[in-house]
Structure formats: structure tokens, C-alpha cells
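**Student:** Before I ask anything, here is the structure I am working with.
Laboratory data are not the source of any read-out in this text; all were calculated from the coordinates shown. Note that this is a predicted model, so its numbers are computed, not measured. Positions of Cβ are generated from backbone atoms using ideal geometry, with glycine treated the same way; all protein chains shown enter the neighbour counts.
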Amino acid sequence: MAKRITWMLGWLVIIVVQVVAALIVVLLLSQIWSIEKVTNLGQFILILVGIWLGYGIGVTGAGMVALRIRHTHPLAILQRLLFTAGIGLIPFLILLATGARVGTGNPSIFQNYVMAGWMPTLSQIGLIFEIIGFYLPSWIKKSA
């Protein structure tokens, strides 16, 4: 029983480290791609790509280090990277469709509805999806 609790706590710590790493990478990318106010769809897409890439780099990087420390084999690096990127992309595509539908013609509506309303929620869902995507190859392998 104690071994199982230690195992669960270990994975919980790894997931927390993945979240923190992803948020740090997004913070660094936001400093590079600083956009004060979105005035066109291209800027909005750039923000989405930055968040998606930041989450993917943070989740995959921290996850790979953790798998190495835990001596997990095989690492399935390419599978994990593709699943993380692919599954994590889903909420951002929904957000892109929402932003394109609302349009940037009226900045106050776009800011309130998309940037302040949908973006925080779907971005966090994107982070959760990317973490799920990272672990999905292991779950598929165990169930097969």
C-alpha cells in the first residue's frame, strides 16, 4: 500500500512540475512575442501558437526528464511529442474558430468575449489536454 501511495505522489509531483514548466515557457514566449492589444486575426493566431508551443515544450520537456529519472522504458519520444501536440491543439482550434467567428472588427467585443472570456478557459483546457496527450501512449500500450 505504501508503495502505491508513493507511486501516486510521484506522478502527482511530475504533473505539477510539467504544469509549472509549461507556464514558465509560455511566460518566456510571451516576453518575446509581446502583443499589447490584438488588432487582427494574425496577432491572435500568433498568441495561440505561442501558448500551444509553450505548453507543448514545457509538458514534453519536463515529462521526458521525469521519465528518465524514473527509468521508464521505452520513452517513445516521438509518439509522446505527437500526441501532446495533436491532442493539445484541439482546444486552440476551437478558440481560433471562436475568434475568427467574432472577428477583430469591434475590438471591445473581441477583447471581452474572446480574450477575456473564452481564452483563459480554453487555454487551461489545452494544458490539460497536452498533459493527457503526453501520457496517452503509455495508457494505450498498457490497455493493448
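**Student:** Output the number of residues of segment 58-80 satisfying the condition of being surrounded by 19 or more Cβ atoms within 10 Å (Cβ to Cβ) and more than 16 Å from Val13 (Cβ to Cβ).
**Tutor:** 2
**Student:** Can you confirm whether segment 1-21 contains a residue that is part of a loop (DSSP other than H, G, I, E, B) and either more than 17 Å from the chain's Cα centre (by Cα) or over 29 Å from Phe110 (Cα atoms) (or both)?
**Tutor:** Yes - at least one qualifying residue is present in segment 1-21.
**Student:** Tell me whether segment 91-110 contains one or more residues that are touching a residue at least 12 places away in the same chain (Cβ under 8 Å) and closer than 16 Å to Gly133 by Cα.
**Tutor:** yes
**Student:** Six or more apart or on different chains, Cβ atoms under 6 Å: show the pairs whose first residue is in segment 4-30 and touching a residue at least 40 places away in the same chain (Cβ under 8 Å) and whose second is aromatic (Phe, Trp, Tyr) and part of a helix (DSSP H, G or I).
**Tutor:** As it stands, the answer is Ala22/Tyr55, since those pairs meet every condition given.
**Student:** Given (1) in contact (Cβ under 8 Å) with a residue 12 or more places away in the chain; (2) in a helix (DSSP H, G or I); (3) surrounded by fewer than 19 Cβ atoms within 10 Å (Cβ to Cβ); (4) not acidic (Asp, Glu), where does Lys37 come up short, assuming only one miss?
**Tutor:** It fails just one condition, (2).
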